[in-house]
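A short worksheet on the structure shown next.
The values are calculated or read from the model by the stated rules, or taken from the named source; none is laboratory data. Quantities reported herein were computed from a predicted structural model and do not represent experimental measurements. Positions of Cβ are generated from backbone atoms using ideal geometry, with glycine treated the same way; all protein chains shown enter the neighbour counts. Accessible surface areas use protein heavy atoms only, side chains included; no ligands, DNA or RNA. Shrake-Rupley method; radii C 1.70, N 1.55, O 1.52, S 1.80 Å.
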Amino acid sequence: QVRLVESGGGLVQAGGSLKLSCAVSGSISNDFTLGWFRQAPGKQRELVATSAADDVVTYGESVRGRFTIDRDNGKNTVYLQMNSLKPEDTGVYYCRVLYPFADYWGQGTQVTVSS
């Protein structure tokens, strides 16, 4: 059973930083992409950042230059360092592991950025 556990969300003032973590257990393959997505109230879930098995990294346009994704393959953990946070970064952040044949999501962690 693949399980993802996120941590690190919280309340922060605009301009501040937070670091999210997502630990993956029960992985069924070494070929997977790890990623972060977010969903604000009333909006669709959107890409934040992904890190593929070949180390190719992708960022959403709104976070490029402020957020950094990093994966530790030894620990099956992916991190999201979020700097220069803005109120529009507020939302529930979800971790995702994508295999060629299946994908799994975490339960989400709330990030709230106050102005």
- prompt: If each of Asn83 and Arg3 carries a label point 7 Å out from its Cα toward its Cβ, how far apart are those two points in nm?
  reply: 3.4 nm
query: How much of the accessible area of the chain, in percent, comes from carbon and sulfur atoms when a 1.4 Å probe is used?
result: 47 percent
- prompt: In the neighborhood of Tyr104, defined by Cβ-to-Cβ distances under 15 Å, what is the net charge if each Lys or Arg adds +1 and each Asp or Glu adds -1?
  reply: 0
- line: Surrounding charge for Ser25, neighbours by C-beta under 12 angstrom, Lys/Arg +1, Asp/Glu -1, total +2
message: Students sometimes get this wrong: rank Thr58, Thr90 by accessible area, probe 1.4 Å, all chains present, largest first.
response: Thr58, Thr90
task: State in Å² the accessible area per residue of the range 17-115; use a 1.4 Å probe, count heavy atoms of protein chains only, and round to the nearest integer.
output: 51 Å²
